[in-house]
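A.B. asks: Structure provided below as structure tokens; questions to follow.
The values are calculated or read from the model by the stated rules, or taken from the named source; none is laboratory data. Computed from a predicted model, the values in this text were never measured in an experiment. Every residue, glycine among them, receives a Cβ derived from its backbone with ideal geometry; neighbour counts consider all protein chains shown. Accessible surface areas use protein heavy atoms only, side chains included; no ligands, DNA or RNA. Shrake-Rupley method; radii C 1.70, N 1.55, O 1.52, S 1.80 Å.
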Amino acid sequence: MKPKLLFLVILGACSALSARANEPTRSAQLSARIAPIDSPPPAIASPVLTRHSSLDEPLGDVFIAGTTWYDLQHNGSCGRMIAVDPAGDAHVVWMNGLAANQFPRHVYYNVWRRNAQQFEFVGGQMVDWFSRAGFCNIALDRGLCPYVALHEVRPGASGTVVTVYPCAGQPFACDIACVPSVCETDPDYFDNLWPKFAISSDNAVHLVTLGSGWDELLLVYYRGVRPSELDTIVWQPVDGDLRYRVLGNTPVIAHDVVASRRSGRVTIGWLPCPSRMDECYQWRNDVILKESSDNGLTWSDTINITLFVSGDTSCLNATHDTLVCNRDSMRAYTDLSLLFDQSDVLHAAFTTRAYYDFYPGMIGPFTWINRSLLWHWSEATGQFSLIANGWWPWPEELMDVGAWQLYVQRPSLAVDESNGYLYCAYMQYDTNCYSDQFFPMADVWISVSTDGGSRWSVGTNVTRTCPGELVPPPGSMNEREPTLAETVTDGVLHLTYVLDHDAGAVLYSEGVATLNEFIYQRIPVDSIPTTPLMPQYPLHWDSTGFYAAAAQERAMPSPREFALTAVYPNPFNGTATIKFELPRAQQVSLRIFDITGRAVTTLLDSRLTAGAHELRWSPHAQASGIYFAQLRSVNKTLTAKLLYIR
């Protein structure tokens, strides 16, 4: 029997299917971030040139920004660890463990110069001053200066720092913006860690962090400005006189923030706890958003875009049919990526894992440890589409991919503004490639959507490394925590990730410490095929008990023509729904005319993404009679007749 199969048979006899036994608790997670490893495992150095030469024909060009003994870069959402300026230079940051026990731990920066086709600093430059920095993101301001957000564990305090690399190229001003404590009279209450940030069109810094308050993680927002006469960021009051605003709570590190490149829109997203804290499980989350249209000065109410439906106990008592009574059989988990496209349409990508309120033979909620699906949501349509499928069957399901890990995960969205194509990079584990400790290795895959996210291509493996089975360190080729630059430039996708040489996360006692490369990869967009398309499954349960694990593909045809597809009810006496389809993203208008040809109202006059759309018209102030709905694009006009009866 092959070692892999023997391992699976042995593991199958164990009761490790529930994620509760697989993942660290929230208290363990919080303590892990501040406690060094007392007895580090054996460390194995990995010569940079040897590892680089053994890459198995990745797509595009590969460059090494530096190295790190710290394999894990983020516990959940990755944000952006790369930003590309108009000159084509790529600015990158990463968490650099400088020794085999992963400490001291610093944040390093490097810049890949397009003209020189290489990184400027050998090994990178250190950004911070203290020995416990990490979990970093990067963004460029409108003057194209790179800002870096990171968190530090300092003597007697922990918190987030935003640093700025001056455009002239001097070293980072490391203490340029220490973020204020949420409760300055009680500094032990709030830690202010795991930052994500974006810079809006007015050069304001929008920072979102997590803090440990009592038994939960609090999501907190800050808004900063950098006056031209000051070499610092000034954090402004955002909630009365307070320089912070608590947005809510969350059991996972899955927040993100994005700012529009064209308007004052800023959006924050996270995975909240249910209203009852005793139901606050790490794997039982919705995705909610909060938006500002004025660069963070005022904010909307929260918007729940997933609205997962919990199991129905009365249904179970009456029918004992767990398939039907479970309702939705998945929940969002640890990942979120937000993006504004070239038309200022908001997109979200997130991961769901299996979740059952009722499961045969189990008491209480149950979740498979690895199964996952990767989803896209579009603001333009309000619809969900499947990007990647990690709902793998037995026996692969038994192969544990590690703490906080799923078969497909860590989405990172990007847009090609020349044609509106969307791209999503993500990790996908391969159970045919695993270490001598039986931890599978991941590759980075990329999918593309040509219709604004309605359908996605089957993913393309862009790193393509598989050294085999039972591989001892430092032989693993495990690409983890990928992030894309927000936009395509010169026909190239800009990707960063860590190449881990022993699969698993050493922080969670998985594998041993190795010296790993932080890699920048330039991938031509024409190397990512747009077909075949992913089979589509519904995100939500329906009355038939349909759910993703047992699904046949539901027909979700990509529209092929400009069409007014339905007007209903017709005749109507309250509200009429007008449905239409667009074959591509374009500017369209939808107007209502009366029988004399007079324009009654304009329901729409804007650019929409490709796909199916619908609008509603309620003509309460109009007389009964015949009206016409006119859908118009640049080169085509369609009309439908409506009969309104008061």
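A.B. asks: Give the accessible surface of segment 392-538 per residue, rounded to a whole number of Å², with probe radius 1.4 Å and ligands, DNA and RNA excluded. Walk me through the numbers on the way to the answer.
C.D. replies: Details: 3580 Å² over 147 residues.
Counting only protein heavy atoms, the per-residue value for segment 392-538 is 24 Å².
A.B. asks: Show me the trypsin sites (Lys or Arg not before Pro) within segment 457-545 that DSSP assigns to loop and that have at most 16 other Cβ atoms within 10 Å of their Cβ. Walk me through the numbers before you get to the answer.
C.D. replies: Numbers: sites: R464, R480, R522; in loops: R464.
Here the sparse-neighbourhood loop sites are R464.
A.B. asks: Right, here's the next one. For an R0 of 25 angstrom, estimate the FRET efficiency from the Cβ-Cβ distance between D344 and R142 and round to the nearest 0.05. List each step's numbers first, then the result.
C.D. replies: Values: r = 17 Å, r/R0 = 0.68.
For D344 and R142, the calculated efficiency is 0.90.
A.B. asks: Ok, one more. Can you give the three extents of the C-alpha atoms in segment 426-518 along their principal axes, from longest to shortest, in whole Å?
C.D. replies: So the extents along the principal axes, rounded to whole Å, are 43, 23, 21.
A.B. asks: For segment 566-571, just list the computed ³J(HN,Hα) in residue order, Karplus coefficients 6.51, -1.76 and 1.60, θ = phi - 60°, integers in Hz, with x standing in for Gly and Pro.
C.D. replies: With the stated coefficients, segment 566-571 comes to 6, 9, 8, x, 7, x Hz.
A.B. asks: How big is Rg to Rh over segment 601-646, alpha-carbon atoms, Rh as the Kirkwood inverse-mean-distance radius?
C.D. replies: 1.00
A.B. asks: Moving on. Work out how much length L638 to S509 would gain on full extension: take 0.36 nm times their residue separation and subtract the Cα-Cα distance, in nm to one decimal. Before the final figure, lay out the partial values.
C.D. replies: Working: separation 129, 0.36 × 129 = 46.44 nm, distance 6.29 nm.
Residue separation times 0.36 nm, minus the Cα-Cα distance, leaves 40.2 nm.
A.B. asks: Tell me the net charge near H376. Cut-off is 13 Å between Cβ atoms, H376 excluded, with +1 for each Lys or Arg and -1 for each Asp or Glu. Mind showing how you got there, number by number?
C.D. replies: On the way: positive: R455; negative: D335, D341, E379, D451.
Around H376, the charge tally is -3.
A.B. asks: For segment 438-477, just the Cα atoms, rotate onto the principal axes and tell me the three extents in Å, largest first.
C.D. replies: Here the Cα extents, ordered largest to smallest, are 44, 16, 11 Å.
A.B. asks: Further question on the same structure: Would you check the accessible area of R113, probe 1.4 Å, heavy atoms only, in square angstrom rounded to 10?
C.D. replies: Counting only protein heavy atoms, the figure is 80 Å².
A.B. asks: Another one. What accessible area, in Å² to the nearest ten, does a 1.4 Å probe give for S343?
C.D. replies: 40 Å²
A.B. asks: Let me ask you something else. Count charges around G60 for me, please; just the other residues with Cβ under 13 Å from its Cβ, Lys/Arg as +1, Asp/Glu as -1.
C.D. replies: Details: positive: R464, R522; negative: E57, D61, D490, D526.
Every neighbour counted, the sum reads -2.
A.B. asks: Arrange the residues H320, H106 by how much accessible surface each exposes, largest first, with a 1.4 angstrom probe.
C.D. replies: Values: H320 140, H106 15 Å².
The residues order as H320, H106, largest area first.
A.B. asks: Here's a follow-up. Considering the alpha-carbon set of segment 316-376 alone, what are its Rg and its Dmax in angstrom?
C.D. replies: Cα only, segment 316-376: 15.9, 51 Å (Rg, Dmax).
A.B. asks: Further question on the same structure: Assuming 0.36 nm per residue, please report the length gained on full extension of the stretch T232 to R113 beyond their Cα-Cα distance. Don't skip to the end; give the middle numbers.
C.D. replies: On the way: separation 119, 0.36 × 119 = 42.84 nm, distance 2.70 nm.
Between T232 and R113, full extension yields 40.1 nm more.
A.B. asks: Dividing the alpha-carbon radius of gyration of segment 415-467 by 2.2 N^0.38 Å (N being the number of residues), what value is obtained? Don't skip to the answer; put the middle values down first.
C.D. replies: On the way: Rg = 14.2 Å, N = 53, 2.2 N^0.38 = 9.9 Å.
My calculation over the Cα atoms of segment 415-467 gives 1.43.
A.B. asks: Which log10 I(q)/I(0) values, to two decimals, does segment 343-474 give at q = 0.10, 0.20 Å⁻¹ under the Debye formula with one point per Cα?
C.D. replies: At q = 0.10, 0.20 Å⁻¹ the computed log10 ratios are -0.39, -1.11.
A.B. asks: Which order do peptides 583-589, 310-316 fall in by mean Cβ count within 10 Å, highest first?
C.D. replies: Values: 583-589: 16.4, 310-316: 14.7.
Going from most to least packed, we get 583-589, 310-316.
A.B. asks: With label points built 7 Å along Cα→Cβ from the Cα atoms of L242 and L564, find their separation and express it in nm.
C.D. replies: For L242 paired with L564, the spin-label model returns 5.1 nm.
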